[in-house]
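A quick write-up on the structure given underneath.
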Amino acid sequence: MPVLLERLLALLCGSLLAFGLAACGSSTVSGSFKGEEHEIAQAIANLQSDATVGEQKKICATVLSDALVKQLSSVKGGCAQAIKNQIAEVDSFTLNVKSVHVNGTAGQHTASASVTSIRQGKTSPSTVLLVKEGGKWKISGVQ
């Protein structure tokens, strides 16, 4: 599996976001974002929520971009199986969204969210990439 996909799928586990789902005991951070930035934060929160309850099919259908789903569908068992397998292998860690940046180009809106995660006691920065498809922000990758 490409490293990009492994990093994205690694974000699916444990107390993924400090965005705040009560079930994870996190504080709410998405409230500090407004407008498009809030929608982007919510897309990441949806990923965490669906991963927490094992909704791999829903993640593939509503959270991930069409291009990423197509890539994951080429893996044995398809997108849902790839996500299920990765969730089972990842240690729990915390992801904090530091900032959100919205980009606009002719015909395509993209965004990025700068995040930090703590895994095995070490802080690691990443960037979650998103694209707006059908009026909704969807996760397209991780850098």
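Every residue, every condition in (1) touching a His at 6+ places or on another chain (Cβ under 6 Å); (2) at pLDDT 90 or above; (3) not β-branched (Val, Ile, Thr), yes or no:
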| residue | (1), (2), (3) |
| --- | --- |
| 98 | no, no, yes |
| 116 | no, no, no |
| 124 | no, no, yes |
| 131 | no, yes, no |
| 142 | no, no, no |
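Once the stretch 98-116 is narrowed to residues that are aliphatic (A, V, I, L, M) and under 16 Å from residue 135 (Cα atoms), the residue that is surrounded by the most Cβ atoms within 10 Å (Cβ to Cβ) is 111. Of the residues making up the stretch 39-57, those that are free of Cβ contacts under 8 Å to residues at least 24 places away in the same chain and either crowded, with 16+ Cβ neighbours inside 10 Å or over 26 Å from residue 98 (Cα atoms) (or both) are 46, 50, 55, 57.
Within the stretch 64-74, is even one residue of a type in the set (A, V, I, L, M), in a strand (DSSP E or B), under 14 Å from residue 140 (Cβ atoms) and modelled with pLDDT of 90 or more? Among the residues of the stretch 64-74, at least one is of a type in the set (A, V, I, L, M), in a strand (DSSP E or B), under 14 Å from residue 140 (Cβ atoms) and modelled with pLDDT of 90 or more, which makes the answer yes.
Please verify whether residue 70 is on the phi < 0 side of the Ramachandran plot, of a type outside the set (Asp, Glu) and surrounded by fewer than 15 Cβ atoms within 10 Å (Cβ to Cβ), treating the condition exactly as stated. When the stated conditions are applied, residue 70 passes them.
The values are calculated or read from the model by the stated rules, or taken from the named source; none is laboratory data. Keep in mind it's a predicted model, so treat the numbers as computed, not measured. Neighbour counts are summed over all protein chains in view; Cβ atoms, including those assigned to glycine, are modelled from backbone coordinates with ideal geometry.
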